[in-house]
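Step one of this worksheet: look at the structure below.
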Amino acid sequence: MDFVSFMEARHSVRQYDSNRTVAFEKIERAIRAAQQSPSSCNRQTCRVYAFTEKPSIARVLAHHDGNRGFGELLGGVFVVTVDLSHWNTVGERNQGWVDGGMFAMTLALGLHAEGLGACMLNWSAAREQDIKMRTCVGIPDNEIIITLIGFGHMRDEFRVPVSARKPIDMVLTHEPSLR
Ligand SMILES: Cc1cc2nc3c(=O)[nH]c(=O)nc-3n(C[C@H](O)[C@H](O)[C@H](O)COP(=O)(O)O)c2cc1C
């Protein structure tokens, strides 16, 4: 499969076969793929807290808004964080979001390559919610939560939203006149 076809075959999956457990080897391979993401100065600041047991998935998702209707079907959930202690200048203050976002995307693609479905789960959390999740998972103060990723085995047949993409000329400006 060429790369564009691989990307076009990925969709956020919200219908899972909840009876199938996700093998740890698949998780490890997806994480190894994500580790190949570029990172600023090769600092490799991303961390992943992985849950595949139904009770622990439920406890983690209890602190998340945005998984209604499919959270209970997931075969696993990742909490992706970045260790901020690797940066110390003001100019680098947003680097964690960039490195963390790139890592999370590659991780989602790694799951896709393993034949698993996945769905990013926003961490647009207020302070109290963030503290509850940190306490639940045991995330130290020097790490920020980038996103959660839900994943699991896909059903033989399932539906995904169309999620049409914008025309390429709304995204790409080729050779704009320079001032
Ligand atoms: C940062 C981020 C957070 C997201 N959070 C959620 C979420 O909480 N719940 C959900 O069902 N989908 C979530 N999504 C999935 C988006 O809705 C989805 O990626 C988008 O509609 C495009 O669809 P596609 O992934 O199938 O191409 C999130 C995606 C991103 C990138």
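The values are calculated or read from the model by the stated rules, or taken from the named source; none is laboratory data. Quick caveat: nothing in here was measured; it's all calculated off a predicted structure. Virtual Cβ from ideal backbone geometry, glycine too; neighbours counted across all protein chains shown. Calculation scope for accessible area: heavy atoms of the full protein, side chains included, ligands and nucleic acids excluded. Shrake-Rupley method; radii C 1.70, N 1.55, O 1.52, S 1.80 Å.
By definition, a body whose alpha carbon gyration tensor gives a ≥ b ≥ c is oblate when a/c is 1.5 or more and a/b is not larger than b/c, and the stretch 95-174 fits this oblate description.
The lysines whose alpha-carbon is closer than 27 Å to the alpha-carbon of residue 132, local same-chain residues fewer than 8 away aside, are 54. Relative contact order, whole percent, for the chain stands at 34, derived from Cα pairs under 8 Å and 6 or more residues apart. Surface composition of the chain: carbon and sulfur atoms hold 52% of the protein heavy-atom accessible area at a 1.4 Å probe. Using the alpha-carbon centroid of each, what span in Å lies between the stretch 117-164 and the stretch 1-66? Between the Cα centres of the stretch 117-164 and the stretch 1-66 lies a distance of 9 Å. Solvent-accessible surface of the chain, taken per residue with a 1.4 Å probe and all protein chains present: 63 Å². Between residue 142 and residue 113, residue separation times 0.36 nm minus the direct Cα-Cα distance comes to 7.3 nm.
With the helix formula -39500 (n - 2.57) applied to DSSP H stretches of n ≥ 4, the chain reaches a computed 222 nm mean residue ellipticity of -9500 deg cm²/dmol.
From a point 7 Å beyond the Cα of residue 25 in the direction of its Cβ, which residues of the stretch 40-61 have a backbone N at a distance under 19 Å? So the set is 52. Its Cα centre serving as origin, the chain has a Cβ charge dipole (Lys and Arg +1, Asp and Glu -1) of approximately 220 debye. Taking every Cα-Cα distance in the chain and sorting them into 10 Å bins from zero, the calculated P(r) comes out as 9, 34, 35, 18, 4, 1 percent. Cα-based radius of gyration for the stretch 51-143, normalised by 2.2 N^0.38 Å, reads 1.17.
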